1. Here are B:197, B:187, B:162, B:166: which of them is within 14 Å of another protein chain (Cβ to nearest Cβ) and not β-branched (Val, Ile, Thr)?
2. Look through the range B:227-277, keep the residues that are within 12 Å of chain A (Cβ to nearest Cβ) and part of a loop (DSSP other than H, G, I, E, B), and return whichever of them is modelled with the lowest pLDDT.
3. State yes or no: is residue A:6 under 13 Å from the mean Cα position of the chain (by Cα), more than 9 Å from every other protein chain (Cβ to nearest Cβ) and either farther than 24 Å from residue A:181 by Cβ or modelled with pLDDT of 95 or more (or both)?
4. Going through the range B:615-647 one residue at a time, which ones are within 35 Å of the chain's Cα centre (by Cα) and either free of Cβ contacts under 8 Å to residues at least 12 places away in the same chain or part of a loop (DSSP other than H, G, I, E, B) (or both)?
5. Check B:305, B:292 and return the single one that is under 24 Å from residue B:226 (Cα atoms), of a type in the set (D, E, K, R) and buried (at least 18 other Cβ atoms within 10 Å of the Cβ).
6. Determine if the range B:2-19 includes at least one residue that is over 20 Å from residue A:45 (Cα atoms), in contact with a strand residue (DSSP E or B) (Cβ under 6 Å, 6 or more places away or on another chain) and in a helix (DSSP H, G or I).
7. Is at least one residue of the range B:221-237 surrounded by 12 or more Cβ atoms within 10 Å (Cβ to Cβ), of a type in the set (Ser, Thr, Tyr) and free of Cβ contacts under 8 Å to residues at least 12 places away in the same chain?
8. Would you check if there is a residue in the range B:341-351 being within 16 Å of residue B:260 (Cα to Cα), part of a helix (DSSP H, G or I) and under 27 Å from the mean Cα position of the chain (by Cα)?
Amino acid sequence: MEKPAGAKRLRIFFAGVGGQGTLTASRLLAQTALDAGVEAVGGEVHGMAQRGGVVESALLLGGWRSPRLDLGEADVLLGFEPLETLRALVYLRPGGAVFSSSDALAPLAVALGKASYPELGKIQSEVRKVASQCHFFPCRELGQKAGAVQSGNTVLLGALCASGLLAFGPDALKAAIGKYLPPKIQESNLRAVDLGVQALASAQ
Amino acid sequence: METLLAPGGQALLLGNEAIVRGALEAGVHFISCYPGTPSSEVADTFARLKEECAEDAPAYDLEYSVNEKVALELACGASLAGAQSLCTMKHVGLNVAADPLFTSAYIGLPGGLVLLSADDPGCHSSQNEQDNRAYARFAQTPLFEPASAEEARLMTRAAFTLSRQLEQPVILRSTTRVSHLRGAVKLEPLPEKPVELAEFKREPGRFVPVPQVALKRHRVLAAQMGKARTAAEESPFNRISWPKEGGNPLGIIASGPARNYLADALHELGLEEQIAVFELGQTWPLPEKKLEAFLRDCKGVLVLEEGAALLENDLRSLANRLAASEEKGSESLAAIAGKDTGLTEFGEYSTSLVRQRLERWLANSAPDLAAKISSTQFGADRAAKGAACAESAPKEQLAARPPNLCAGCAHRAVYFAAREIFGDEAHYSSDIGCYTLGLLPPLRTADFLVCMGSSITAGSGFARASGKMVVAFIGDSTFFHSGMSGLANAVFNRHNLLLVILDNGTTAMTGHQPNPGMLQESLGSDATHLDIEAIVRALGVRHCEKVKALNLKKVQNTLKNLAQEQGVRVLIAEEPCVLYARRSLGRRRQRVASFHRQNDEARSCLAKLACPAFRMRGDALEVDHSLCGGCLVCMQVAPNAIKAKNR
């Protein structure tokens, strides 16, 4: 396979909770990259690990061969839930970028009184200690605004594509949405990309 | 157009999907499997293509067998009949299927047979991390180990070609990372017309391995493996890249998925052009001539393989043989390093791990190269990186999200009932499936587990040796897999066991594959439903009761009654898997649970059931109705606190 010249190597870590669409989001971005001529390899874990638990995946762009990320290796962390963003922070290299949802999904242990959920402000300050840039967006609300709560994930993808960190922009993501997502959810996802782009612009 | 059936181009595929594409390009005729993570998507993809693209999909037979031994024997039969056969399973499944594997290698299989063993280093969803490369050595089968999606496609094709050529079974070994990676795959044309079946010629002197035949065939097998070794010498999957400068470089021999970590680590260290790399993808039999030349051309060699030190030991033994056969002794051979550099046999490798061990090895064997590393960008970053990693680790324990039985899962009801009645008086013998999650608090209904089907047999042995009460749990698919023979044994040998069959009507853990217990309406016209109760009774069980698993009172009363009896007793607790009912049967329970009182009963129900649909809003308990499965077990546990309402 041809190696596209100039595509910078980049490692992205995705973290979320089972049922949130973490794997779908990482697949969509992988497909976007490939269509943009960027070498891509993704890593997923299926099976027992995902039942009601933490879901993690990785996407490595620009010529990496391994589909796995180890601690401190990710250039970008995409967190679909703030506690999972914090949990996955060890995967981020110092100076990396974080894009995260600010909407909490409390684990059962919190309801059982066996653990507490950290304050969002505390999570953000922990993230800032390691990341050179971090962005927390109300993805559930933005997803709803786009037309479907589930498209909240695409808000983060849109913001990442607009950040200039990737070798492609939001238009490539939109093209992939039109090509690979089922027609009935395309519109909300396309709007979600725009909302992500806007959210990043107004944060900067 | 379905990507997997496209005539050409490029596609982003899961490793397991790439295996499917490779098999289709090879013209596979027959596929059998027993599902198991991380192998399941292979057969599931064949099933989906058959169902969704019947018109476009090439003709092939596919079956979900009741266990791996059965699946492999079927594939052997199909291959004897001349069909190119594929049999898929997870690594531990090959233990079950080892019997046909060994003897099929003796008799040979004219149509060709590729056996996918999907290993699970790191135990993502398995009870051990056994390294099935050992089976290729033990049973004498050629072995392919892809590391990328494209290699998964190419090696599947090559495995079929070699298998058909040698008439020997061939193992294709993936790991979790390979089966579940996603990467670009080139699509080559599918066969225009079906590949012809090889002809079966009656030859009892070959195909019926009575002792005299078997002895003869053992020698034939050795000869066939000699040919496989020649093929490995010439294989494009066993390739060497030499440094530009030439000379007498350091070399690394890397096998299977470890090749990925090596390539990335060398890139990070800036050593891509400095070290000779021998990538092994067609990994058994070893290309000994090529390896010998590599050992002679390098001044030192590091062996890199995830898992057991199989390749390393083989290379050391090869080097010993070579040294013994020449006058100069071992002087002209590279020194071999491997696991002694701290490369572990435990868990998965990573780029970081490989990089660190490489540095350790280089510091000893090539200080000049090691010095170069510390002056690179990467070397300068490293200290800061390590410190920041430690810094970013959350200081306090974060609220965990352990896997849990789904909201609405009927297993929770049965486990709750058993724990309420028997508490710690009984010992709980568990089995393999979603229901193994019963081990977690608060249900705590799994005290021991060995392998598929062992709930009944290990439970029988435990009860006999200890004289204590044992309650065993087994799922429907596992019952058909290897529970039935254990139950026959329990009746035959008069064991004392209370067995609960958790019948959720599907193979839930691995993604709802069919099994004989599945309802006829779901099985369609290709398979026949078998009635579990009739089987249990036919196996001679006198105390057998069947209940609806969500009727808590009934479950509890029946368990109590069965506990009064002696001998083998069976409770069949029926209720479709809540996800399967919703997704595949189109049945969604119409009511949901709601707290209407915040009392002790409510809090106790939360503590005893730990249903993932429960949550706190401020100080109040509530049920997340988007998660609630509508089983209403909580309402039966806490009737004064929880009421049902319409969704």
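1. Unique residue meeting the criteria: B:187.
2. Among those residues, the one meeting the criterion is B:272.
3. No, not satisfied.
4. Answer for the range B:615-647, where residues must be within 35 Å of the chain's Cα centre (by Cα) and either free of Cβ contacts under 8 Å to residues at least 12 places away in the same chain or part of a loop (DSSP other than H, G, I, E, B) (or both): B:615, B:624, B:625, B:626, B:627, B:628, B:629, B:630, B:631, B:632.
5. It is B:305.
6. Within the range B:2-19, one or more residues are over 20 Å from residue A:45 (Cα atoms), in contact with a strand residue (DSSP E or B) (Cβ under 6 Å, 6 or more places away or on another chain) and in a helix (DSSP H, G or I).
7. yes
8. yes
The values are calculated or read from the model by the stated rules, or taken from the named source; none is laboratory data. Worth saying up front: this structure is predicted, and the values here are computed from it rather than measured. Backbone-built Cβ (ideal geometry, glycine too); neighbour counts: all protein chains shown.
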